[in-house]
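For reference, the structure discussed in these notes is given below.
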Amino acid sequence: MKAIIASALLIFIIGNIEAADIESYQFIDYLRSISTPVRPEIYEGGVVFTAPSTYNRVGISFAHEGYARVHWFRLLMIPRDPADLIVNGKIDKNMDHNMDSGVMFHYEMIPENLNNMDYRMIFDGLWTTDPLNPVSITGPSGIAESRVSIPRRPQTFQNEAAPGTYIFRYQGPPGETVTVGGSFNNWDPFLYELRETSPGFYTLTLQLPPGSFQYVFYHRGEPIPDPANPRTRFSREGMMVSEAVMP
């Protein structure tokens, strides 16, 4: 039931997001805490940009992508107060259980070794700097750009596995069944089971090809991003997943 409720929350609060991480419940709570558009905020491994939902369409483009792509903002929907759904003593099933929060947002993962995230925004077809961000610079082309300074990361996640292999590690209650699925096995939740090497500690070593891949652990039927890996994303299906790279 908890997994079903979490999935429903993901759908009506954030819609289909292509990138983000963190435990899903934590990110949902963070989004729901945004009551009004604010200046960009760094959250975990990415930056949250917001704008008023009074605009028909809001987009953002980044210097680190060469301004070659526009990322369109999503409308942040929040659940109505249950009391508002009661009409004449009964729940009105025809009433929309969700409502516009007044906020549109975009979550952008921070690329490795990026010191400043420079960008421009588009509001209903008009390109401009971010009106909520007081920090701006003049870009190489002479156009004003907004900037978010990225603090230095304290450490990088290390896998410490033999060449050509990746070690998956999970810590939880002892005597449980823990599996892992990802882009390397078409997200099959049953194919690879971790072995409990000591009470509550589970590991699995797999041979994987070079390149980046995404994955989650499956514990008690629930997909869980790797708590030890700070690099996370939202999959195209709206599920929060971990991301790692095989050299």
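The numbers here are math on the coordinates, done by the rules we state, and not lab data. This one's a predicted model, so the numbers in the text were calculated from it and none came from an experiment. Glycine gets a Cβ as well: all are built from the backbone with ideal geometry, and neighbour counts include every protein chain shown.
Ranked by the mean number of other Cβ atoms within 10 Å of their residues, highest first, the peptides 131-138, 166-173, 112-119 come out as 166-173, 112-119, 131-138. What the Cα convex hull of the range 178-230 gives, in volume per residue, is 90 Å³. The local environment of Pro189, defined by Cβ-Cβ distances under 12 Å, has a net charge of -2 under the rule Lys, Arg +1 and Asp, Glu -1.
Residues of the range 117-134 with an amide N closer than 19 Å to a point placed 7 Å from the Cα of Trp72 along the Cα-to-Cβ direction: 120-128.
Each of Ile78, Ile143, Ile60 has some number of other Cβ atoms within 10 Å of its Cβ, and from fewest to most they run Ile143, Ile78, Ile60. Note on Thr138/Asp188: beta-carbon distance plugged into 1/(1 + (r/R0)^6) with R0 of 51 Å gives a FRET efficiency of 0.50. Averaged over residues, the count of other Cβ atoms within 10 Å places the peptides 207-216, 44-53 in the sequence 44-53, 207-216, highest first. How many angstrom lie between the C-alpha centres of the range 226-247 and the range 194-209? Cα centroid of the range 226-247 versus Cα centroid of the range 194-209: 18 Å apart.
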